[in-house]
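First the structure, then my questions, so here it is.
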Amino acid sequence: MALEANLTLGRFRLIAPIGAGGMGEVWRARDERLGRDVAIKVLPAAFAADPERLQRFEREARALGALSHPNILAIHDFGREGDVTYA
């Protein structure tokens, strides 16, 4: 699935790309349920197909979700929509 503005991933609607690197793309998105802007990290399809990398991505999301600090981004959700894995 190609990422584009207005694509919905779970409760998040993609708005515009922020950046990309070796570990995926980051998009500005809108949390439709809570009415706030968020950043969404999308795992490249090749990484999402690799069980070890997918487990590492999910472990990272769970670990960050357990932290609360002003210098660490909050994790609100992670999941999969079709073939797109995001946090």
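Take the Cα of VAL26, step 7 Å along the line toward its Cβ, and report every residue of region 65-87 whose backbone nitrogen sits under 17 Å from that point.
So the set is 65, 69-78, 86-87.
Dipole magnitude of the chain about its Cα centre, charges +1 at Lys/Arg Cβ and -1 at Asp/Glu Cβ only, in debye to the nearest 20?
Its charge dipole is roughly 240 debye.
Taking all protein chains in place and a 1.4 Å probe, what share, in percent, of the accessible surface of the chain do carbon and sulfur account for?
53
Using the heavy atoms of the protein chains and a 1.4 angstrom probe, tell me the accessible area per residue for the chain in square angstrom.
Result: 64 Å² of accessible area for each residue.
Next up: Pick from GLY24, GLY35, GLY65: which is most flexible by mean-square fluctuation in a GNM of the chain where alpha carbon atoms under 10 Å apart are linked?
Of the options given, GLY35 has the highest mean-square fluctuation.
Compute a Gaussian network model of the chain, connecting alpha carbons closer than 10 Å, and tell me which residue from GLU32, GLU52, GLU60 fluctuates the most.
Most flexible of the set in this elastic network: GLU52.
Same structure, new question: Treat each spin label as a single point 7 Å out from the Cα along the C-beta direction, and report the ILE72 to ALA46 distance in nm.
3.0
Let me ask something else. Using a Gaussian network for the chain with springs between C-alpha atoms less than 10 Å apart, which of these wobbles most: ALA46, ALA74, ALA29?
In the Gaussian network model the winner is ALA46.
Ignoring everything except DSSP H segments at least 4 long, calculate the 222 nm mean residue ellipticity for the chain; use -39,500 (n - 2.57) per segment, divide by total residues, nearest 500.
-6500 deg cm²/dmol
Under the √(5λ) rule applied to the eigenvalues of the Cα gyration tensor, what semi-axes describe the equivalent ellipsoid of the chain? Give them in Å, descending.
Taking √(5λ) for each Cα gyration eigenvalue gives 18, 18, 12 Å.
Defining a contact as two alpha carbons under 8 Å apart and six or more residues distant in sequence, what relative contact order in percent does region 23-87 show?
29
What distance in nm separates the simple spin-label points at ASP37 and ALA16, each placed 7 Å from Cα in the Cβ direction?
For the pair ASP37/ALA16, the computed spacing is 0.8 nm.
Got a sec? Charge dipole of the chain, +1 on Cβ for Lys and Arg, -1 for Asp and Glu; which of LEU67, ALA87, ALA39 is way out at the positive end?
LEU67
The values are calculated or read from the model by the stated rules, or taken from the named source; none is laboratory data. What you see is a predicted model; the values in this text were computed from it and never measured. Cβ atoms come from the backbone with ideal geometry, glycine included; neighbour counts cover every protein chain shown. Protein only, heavy atoms only, side chains kept; ligands, DNA and RNA dropped before computing areas. Shrake-Rupley method; radii C 1.70, N 1.55, O 1.52, S 1.80 Å.
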